[in-house]
Amino acid sequence: MITIKSEREIELMRHAGMLVSKMHQFIKPYIKAGITTKELDKLCEDFIIKNDSVPSCKGYEGYPATLCTSVNDTVVHGIPDNYKLKNGDIITIDVVIGYKGYQGDAAWTYTVGDVDDNKKYLMEHTEKALYEGIKMVKPGNRIGDIGYAVQKYAEEHNLGVVRELCGHGIGRDMHEDPEVPNYGTPNTGPRLKPGMVICIEPMLTFGKRYVYLMEDDWTVKTQDGSDAAHYEHTVLVTEDGYEILTPRLD
Ligand code: MF3
Ligand code: CO
């Protein structure tokens with residue numbers, strides 16, 4: 001069931017979304033060679049708790065941390081550990097924050113020191129693919145219109161579209177209906193209505209699109225070892241278009 005949020009619920013989701021944006025802005029200066037992903041996780045967890053909010057991933061289906069920290073060929077759900085970031089890495093930080101029972105969710109990929117041009121290309125065009133999808137958000141358009149726009153942009157730029165994971169509705173739960181795939185056919189799927197809130201989150205690869213799940217049952221990596229990037233926003237469908245609830249503050 002796709003829920004339509006009331007004005008009061010939307011206000012709480014704006015607050016949750018803004019906390020997600022602020023956490024990203026808070027952690028950015030710490031993303032440097034030498035820091036471990038576990039240290040990043042601890043800093044973010046403390047930030048979230050100080051802001052009267054909840055790290056919603058922690059404990060979700062047994063997930064052990066606040067953040068997903070996905071380095072280089074890890075696509076999503078990398079578990080923070082003692083890995084020390086190195087110059088030239090890229091890392092996606094993905095977080096879900098709960099505020100008074102409502103969730104905000106956003107991911108973006110960061111550079112560590114100097115990264116090569118291929119990684120920069122991958123990051124730039126993954127973020128642009130996200131905005132191509134967001135541009136399709138308005139009442140009357142359909143979920144397939146979003147997936148089609150993301151896929152078309154990604155494939156025109158020779159990037160692989162990971163299909164095993166999708167965006168999603170969001171509200172009281174971090175994962176609500178509908179599923180929001182990053183591929184699709186125009187004019188198919190559920191129709192968007194004002195008050196729906198969805199997460200759009202292209203996961204694109206520099207090589208082939210195929211992925212595998214590691215033995216920890218969380219970490220998803222590219223089969224060919226190519227780099228992956230992931231950008232995600234929480235987006236409200238408004239009367240005449242969209243509002244990004246997790247705006248970038250940088
Ligand atoms: N932002 C991620 C998602 O949309 C968070 C999931 S990690 C989990 O799926 F551990 F919470 F599942
Ligand atoms: Co998400």
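The values are calculated or read from the model by the stated rules, or taken from the named source; none is laboratory data. Only a predicted model underlies this, so the values are computations on that prediction, with no experimental measurement involved. For neighbour counting, all protein chains shown are included, and Cβ atoms are generated from backbone atoms with ideal geometry for every residue, glycine included. To get the accessible areas, we keep the full protein, side chains included, count just its heavy atoms, and leave off ligands, DNA and RNA. Shrake-Rupley method; radii C 1.70, N 1.55, O 1.52, S 1.80 Å.
Based on the Kirkwood radius over alpha-carbon pairs, what is the Stokes-Einstein translational diffusion coefficient of region 1-126 at 37 °C with 0.692 mPa s viscosity, in µm²/s?
Details: Rh = 15.2 Å.
D = 216 µm²/s.
Give me the net charge of GLN25's neighbourhood, meaning all other residues with Cβ under 10 Å from the Cβ of GLN25; Lys, Arg count +1, Asp, Glu -1. Show your work: numbers first, answer last.
Values: positive: LYS22, LYS28, ARG248; negative: ASP250.
Summing Lys and Arg as +1 and Asp and Glu as -1 gives +2.
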Taking only pairs that are 8 or more places apart or on different chains, how many Lys pairs in region 28-104 have Cα atoms under 15 angstrom apart? 11
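Quick one: in the chain, what % of C-alpha pairs are over 22 Å apart?
Working: 15582 of 31125 pairs.
The share of Cα pairs beyond 22 Å in the chain comes to 50 percent.
By its C-alpha gyration tensor, with a ≥ b ≥ c as the square roots of the eigenvalues, how is region 15-62 shaped: rounded for a/c under 1.5, else prolate for a/b larger than b/c, else oblate? Walk me through the intermediate numbers first.
Working: a/c = 2.22, a/b = 1.27, b/c = 1.75.
It is oblate, given that a/c is not under 1.5 and a/b is not larger than b/c.
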The lysines whose Cα lies under 22 Å from the Cα of LYS138, excluding any fewer than 8 residues away in the same chain, are LYS5, LYS128, LYS152, LYS193
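Compute the Rg to Rh ratio over region 186-225 from the alpha carbon atoms, using the Kirkwood formula for Rh, and round to two decimal places. Write out the running numbers ahead of the final one.
Working: Rg = 15.5 Å, Rh = 13.4 Å.
Checking Rg against Rh, the ratio lands at 1.16.
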Report the extension gain between LYS84 and LEU249 in nm, rounded to one decimal, defined as 0.36 nm multiplied by the number of residues separating them, less their alpha carbon distance. 56.8 nm
Show which aspartates and glutamates lie in cross-link reach of LYS135 when reach means a straight Cα distance below 19 angstrom and same-chain residues fewer than eight apart are skipped. ASP105, GLU124, GLU127, ASP145, GLU155, GLU156, GLU179, GLU201, GLU232, GLU239, ASP240, GLU243
Considering only protein heavy atoms and a 1.4 Å probe, what is the carbon-and-sulfur percentage of the accessible area of the chain? 50 percent
Return the distance in nm (one decimal) between the two label points of a simple spin-label model at ILE49 and LYS32, each offset 7 Å from Cα along Cα→Cβ. 2.5 nm
Taking only C-alpha positions in region 149-250, Rg and Dmax in angstrom work out to 14.8, 45
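Which value in Å is the Kirkwood Rh of region 161-217 over different Cα pairs?
Numbers: mean 1/r = 0.0764 Å⁻¹.
Evaluated on region 161-217, it is 13.1 Å.
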Under 1.5 on a/c is rounded, so check that first for region 98-183, then, if it is not, pick prolate when a/b is larger than b/c and oblate when it is not; a ≥ b ≥ c are the square roots of the alpha carbon gyration tensor eigenvalues. oblate
Rounded if a/c under 1.5, otherwise prolate or oblate - region 65-141, Cα gyration tensor axes: oblate
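Only loop residues by DSSP count here, and only those with at most 13 other Cβ atoms within 10 Å; note down the GluC sites (Glu not before Pro) in region 172-222 that meet that.
On the way: sites: GLU176, GLU179, GLU215; in loops: GLU215.
Taking region 172-222 and a limit of 13 other Cβ atoms within 10 Å, the loop GluC sites (Glu not before Pro) found are GLU215.
Please tell me the relative contact order of the chain in percent, rounded to the nearest whole number, where contacts are Cα pairs under 8 Å and at least six residues apart. Numbers along the way, then the final one.
Details: 656 pairs, mean separation 58.2, N = 250.
Computed value for the chain: 23 percent relative contact order.
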Once you've got the GNM for the chain with C-alpha springs shorter than 10 Å, pick whichever of ILE170, ILE49, ILE90 has the biggest mean-square fluctuation. ILE49
Skip the ligands, DNA and RNA, and give the accessible area per residue of region 26-168 with a 1.4 Å probe, whole Å². 41 Å²
